[in-house]
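What follows is a short report on a single structure.
The values are calculated or read from the model by the stated rules, or taken from the named source; none is laboratory data. Since we're looking at a predicted model, the values are computed, not measured. Cβ sites come from the backbone with ideal geometry, for glycine too, and all protein chains shown count toward neighbours.
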Amino acid sequence: MKHLIAPSILAADFGNLESEVKLINNSSADWFHVDVMDGLFVPNISFGSPVIKSIKQHATKPLDVHLMIENPDRYIEHFSKLGADILTVHSEACQHLHRTVNAIKEFGMNSGVAINPHTPIENIYHILSEIDLVCIMSVNPGFGGQSFIENTYEKVSKLKKLKAHLNHSFSIEIDGGVNLENAQKLIKHGADVLVAGSTVFKSNDPIDTIKKLKNIIG
């Protein structure tokens with residue numbers, strides 16, 4: 001499939017959130033990427049429910065909600081009601097990952113599992129057949145605008161080969177430090193979805209930047 005672009009709302013102008021959402025609606029982006037942080041699993045706090053509800057109200061594209069929180073099971077039904085289309089949890093935050101993934105599906109959402117830069121692919125081997133998306137963190141989670149971690153390419157390649165070997169259909173998403181310089185290499189290595197925050201919202205022309213990311217040929 002043609003790779004997807006998911007601009008990260010974390011980097012948007014919160015003072016003009018409605019206009020930022022409409023900007024993404026009118027762009028060639030495919031999803032909205034929404035990071036939820038609790039200040040415990042990661043050292044930062046981000047969107048609360050009212051903000052996500054507001055984004056959903058104006059968004060015309062799927063919400064890709066990424067939970068960087070402890071005990072995500074407590075909130076699966078809640079995010080379903082808020083309108084999440086894809087719900088991603090961190091493998092490091094789940095004691096019973098299969099149970100969590102099944103709960104996400106039961107509430108009608110696509111299921112994703114994220115892994116931090118230090119977490120090996122092997123840690124999620126036994127869940128790959130049951131999920132729709134693997135999110136490889138290419139920065140340490142918690143803050144936007146960080147530098148890309150170079151060994152991400154190796155992890156993407158490894159996961160792509162594993163995906164082909166197992167004949168699975170999950171998407172490979174890259175989150176953190178994605179820009180116009182490394183996007184092509186990521187796609188060549190096997191990325192299906194690129195999350196881009198600062199690269200999009202801090203650019204002089206976000207619409208054009210999204211278009212350039214979307215039109216990159218791997």
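Here are the numbers for this structure:
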read-out: Residue match in the range 43-61 (condition: touching a Ser or Thr at 6+ places or on another chain (Cβ under 8 Å), free of Cβ contacts under 8 Å to residues at least 40 places away in the same chain, closer than 25 Å to residue 13 by Cα and not polar (S, T, N, Q)); value: no
read-out: Given (1) over 18 Å from residue 213 (Cα atoms); (2) under 11 Å from the mean Cα position of the chain (by Cα); (3) among the small types (Gly, Ala, Ser), index of the condition residue 39 fails; value: (2)
read-out: Search result, residues across the range 1-36 that are polar (S, T, N, Q) and surrounded by fewer than 22 Cβ atoms within 10 Å (Cβ to Cβ); value: 16, 19, 25, 26, 27, 28
read-out: Enumeration of residues in the range 64-118 that are of a type in the set (Lys, Arg) and within 23 Å of residue 9 (Cβ to Cβ); value: 74, 81
read-out: Residues (in a loop (DSSP other than H, G, I, E, B) and out of contact with any Ser or Thr (no Cβ under 9 Å at 6 or more places or on another chain)) located in the range 177-190; value: 181
read-out: Matching option when the condition is surrounded by fewer than 20 Cβ atoms within 10 Å (Cβ to Cβ) and either modelled with pLDDT under 95 or basic (Lys, Arg) (or both), among 108, 39; value: 39
read-out: All positions within the range 84-129 that are of a type in the set (Ser, Thr, Tyr), closer than 24 Å to residue 62 by Cβ and assigned to a helix (DSSP H, G or I); value: 91, 100, 129
read-out: Among (1) assigned to a helix (DSSP H, G or I); (2) under 26 Å from residue 123 (Cβ atoms) - the single one residue 200 does not satisfy; value: (2)
read-out: Selection count, the range 144-176, where residues are touching a residue at least 12 places away in the same chain (Cβ under 8 Å), over 21 Å from residue 86 (Cα atoms) and either touching a strand residue (DSSP E or B) at 6+ places or on another chain (Cβ under 9 Å) or assigned to a loop (DSSP other than H, G, I, E, B) (or both); value: 8
read-out: Yes/no for residue 121 being touching a residue at least 40 places away in the same chain (Cβ under 8 Å), farther than 23 Å from residue 2 by Cα and either surrounded by fewer than 19 Cβ atoms within 10 Å (Cβ to Cβ) or of a type in the set (A, V, I, L, M) (or both); value: yes
read-out: Residue check, residue 114 more than 15 Å from the chain's Cα centre (by Cα), touching a residue at least 40 places away in the same chain (Cβ under 8 Å) and under 28 Å from residue 55 (Cβ atoms); value: no
read-out: The listed residue being within 29 Å of residue 52 (Cα to Cα) and among the polar types (S, T, N, Q), out of 151, 102, 167; value: 102
